[in-house]
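This report concerns only the one structure given below.
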Amino acid sequence: MAVKKTIRNESEGSSAPRYKLTELMAHSKDLFDVKQEVMAGAFYGAEGEQFTVTETREKIEQFMKAKVD
């Protein structure tokens, strides 16, 4: 899969490839080890339709660490 290869090649500050959120969600288990439902929560209300793998991982981590009242 082309999506998996980009994880190894991506570095901070580079012009990393951007993917549609639907494509990232389709591969959420393989790339981020989370279910699609987690990604749906992490990106609820997010602006934009395309994200890098790093941006996606950061949003998921923020979502998982958020306090629940």
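Just a few scattered comments:
- Subset of segment 48-69 (residues that are within 18 Å of D30 (Cα to Cα) and of a type in the set (S, T, N, Q)): T52, T54, T56
- Total residues in segment 11-24, condition assigned to a loop (DSSP other than H, G, I, E, B) and exposed (fewer than 13 other Cβ atoms within 10 Å of the Cβ): 5
- The single condition among (1) surrounded by 12 or more Cβ atoms within 10 Å (Cβ to Cβ); (2) modelled with pLDDT of 95 or more that D33 does not satisfy is (1).
- Residues in segment 20-38 that are of a type in the set (V, I, T) and farther than 16 Å from E58 by Cβ: T22 only.
- Just so you know, in segment 25-63 the residues that are of a type in the set (S, T, Y) and not in a helix (DSSP H, G or I) include one that is farthest from the chain's Cα centre (by Cα), and it is Y44.
- Any chance K4 is surrounded by 10 or more Cβ atoms within 10 Å (Cβ to Cβ), of a type in the set (K, R), outside any loop (DSSP other than H, G, I, E, B) and modelled with pLDDT of 90 or more: no
The values are calculated or read from the model by the stated rules, or taken from the named source; none is laboratory data. None of these values were measured; they are calculated from a predicted model. Quick reminder, even Gly has a Cβ in these numbers, built from the backbone with ideal geometry, and neighbours come from all protein chains shown.
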